[in-house]
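J.: Encoded as structure tokens, here's the structure I'll be asking about.
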């Protein structure tokens, strides 16, 4: 009897094992088939062809005109969200791009068939063709059918276009400074260290993340690494007779996005008498401050602008410097006229700015102070008139 029970028990175990193995094999085949069908209904790549970009220009006589240029759509990356079945470009196309007549390349897995839904009737479908122009002025739905099947998935494709000009600076007159604007002015003026500098008989000129800079009573550039408690003469690569002593301004910015703990400091200003070959130019100095653990001690370097160079920063009274949108901007009065100059190479060359303009309602007879707050707003204050303006470049609001 015991022997018979052992034989039945062994047969039962073998049967259960066989059924389990068979069930596992069948389940695996079903899953693989389902996954294959799922993949057959998926878009694997999407890109745009050449687009028409319409630009506005104004002639020297003031006449407005529009002209067309070619824009490479393949330069704009499209993200494919396979879970949400969405396709979109995170970096929007520039304003003025024609997206109503677009040729695109759409690739599916395993010969899946792509059909475009009508914008007015979802049941009206047309086959996708890489040579046909498609209207993407509104989001479009695309069905992808598994090859030889009536199963499909639906993707929504959005071609995003900016609604604003990137390089347009918009000003608004304000009743008062915000807390962030006040903090920016305090930082630019080194307000918390003014008393320490004055007690030492010095005039603060600026700061980096770890250092303070000031002019002594005999116009020597001084350095403090302990926030104004002690001062030593800072190192220069040229004669101190070339240092600015009037209308001094400085700006500190990251040296590069690739290097942490390194500042780039630019100082500019004027002096009444100088050996400088072009006396109408500002005196410009820069310093690279490496405050990492392995940082090195650096000198201030004098920017010697070639004689007869046209790309100069002129001597500006009541000068302000800011770092903005990858450039350094200089605000001040050239004679009796308020001007903005821009440098895209950290102060080596300058041009009167065409991208940045002063507020149209600003009293141009008075001096101005300018800073940038932590939200990328430019703040302009005119003490004589009491005017306060806040400006923002459109592209900075997209960041």
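J.: What is the fewest-to-most order of 290, 40 by other Cβ atoms lying within 10 Å of their Cβ?
T.: Working: 290 16, 40 22.
The most exposed by this proxy come first: 290, 40.
J.: OK, next. If you find the alpha carbon centre of the range 290-357 and of the range 71-87, how far apart are they in angstrom?
T.: If you average the Cα positions of each part, the centres end up 39 Å apart.
J.: So, one more: Let me make sure I get this right: for the range 43-158, a, b and c are the square roots of the gyration tensor eigenvalues over alpha carbons, sorted descending. Under 1.5 in a/c it's rounded, otherwise prolate if a/b > b/c, else oblate. Which is it? Present the calculation step by step, with values, prior to reporting the outcome.
T.: Numbers: a/c = 2.81, a/b = 2.34, b/c = 1.20.
Prolate shape, in that a/c is at least 1.5 and a/b is the bigger ratio.
J.: Quick one: give the max-minus-min coordinate of the C-alpha atoms of the range 280-398 along each principal axis, largest first, in Å.
T.: For the range 280-398, the Cα extents along the three principal axes come out at 48, 37, 25 Å.
J.: Rounded to a whole number, what is D in µm²/s for the range 187-232 from Stokes-Einstein with the Kirkwood radius over alpha-carbon pairs (20 °C, 1.002 mPa s)?
T.: D = 212 µm²/s.
J.: Two decimals, Cα atoms only, Kirkwood Rh: what is Rg/Rh over the range 121-228?
T.: My calculation of the ratio gives 1.48.
J.: May I have the extent of the alpha carbons of the range 169-397 along their three principal axes, as whole Å values ordered from largest to smallest?
T.: So the extents along the principal axes, rounded to whole Å, are 45, 41, 38.
J.: Using Cβ contacts closer than 10 Å as the measure, can you line up 227, 202 from fewest to most? All intermediate terms of the calculation are to be shown ahead of the outcome.
T.: Numbers: 227 14, 202 21.
Ranked by crowding around the Cβ, least crowded first: 227, 202.
Read-outs: derived from the displayed coordinates by stated rules, not from any lab. Quick caveat, the model's predicted, so the values are computed rather than measured. Neighbour counts are summed over all protein chains in view; Cβ atoms, including those assigned to glycine, are modelled from backbone coordinates with ideal geometry.
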